[in-house]
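First the structure, in the form of structure tokens, and then the observations on it.
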Amino acid sequence: MDWPLINSFAGWVSGIGTLLAVIVSLYLARQDSRIRLKLSAGLRQVFTTGPAPPEGRDFIVISVTNIGRRAASVTGLFWKSMLVRNFYAMQNPGRAPLSAQLPIRLQDGEGADFTIALRDFISNDRAAFLRMLPRPRSFTARFLRVHVRTSTGKVFRVRIEQDLGQWLMEYVEGKAKTEIE
């Protein structure tokens, strides 16, 4: 007596199962078509045997790694504060021999490091960073981000590391050193 009632739901259960299988397969298929980048931005020191390179040993390094399956072309680097609307500062990669240059195409698992020597960075226009880091700078530096733009128009952002934020605050105040202590 209960079996006809139970069997009447078989069509519904199989239909719902088929619908869920289609949704999962479409979701997984779209995952491969997305660009996924992992970013970091901080101060780095280059250690070499022998004399120091002419750029010095201290650099700002913006690292970009493609962690998706789709190739990504990086076309731009920007500084942006989340507190200041509609204002970006474009960053050109450094002239250091280890720096990648724009544009760069990254395949699955490949990475690029954009290095800017501190000596070269100090020659930037400090007014742009004064605008992005208003007082109190120790608070506003937490909202500074590095943005990376791809050829598809997608923009990825990362919070800068604490030591870079501290150095940028000193840079804005005119007290920055070209060597990390």
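The values are calculated or read from the model by the stated rules, or taken from the named source; none is laboratory data. What you are looking at is a predicted structure, and each value in this text was computed from that prediction instead of being measured. Backbone-built Cβ (ideal geometry, glycine too); neighbour counts: all protein chains shown.
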Legend entry - Selection status of G56, surrounded by 10 or more Cβ atoms within 10 Å (Cβ to Cβ), touching a helix residue (DSSP H, G or I) at 6+ places or on another chain (Cβ under 8 Å) and at positive phi: yes
Inset, instruction - Could you check V74 against (1) over 25 Å from the mean Cα position of the chain (by Cα); (2) within 28 Å of R131 (Cα to Cα); (3) not small (G, A, S) and say which number it fails? - result: (1)
Inset, instruction - For V74, work out the one condition from (1) surrounded by fewer than 19 Cβ atoms within 10 Å (Cβ to Cβ); (2) among the aliphatic types (A, V, I, L, M); (3) at pLDDT 95 or above it doesn't fulfil. - result: (1)
Legend entry - Failed condition for L102, given (1) in a strand (DSSP E or B); (2) without any contact (Cβ under 8 Å) to a residue 40 or more places away in the chain; (3) among the aliphatic types (A, V, I, L, M): (1)
Inset, instruction - Of all residues in the stretch 125-153, count the ones that are among the polar types (S, T, N, Q) and closer than 25 Å to S73 by Cβ. - result: 3
Inset, instruction - From the list E179, E110, E161, pick out the single residue that is outside the structural domain of A41 (by TED's automatic domain parsing) and touching a residue at least 40 places away in the same chain (Cβ under 8 Å). - result: E179
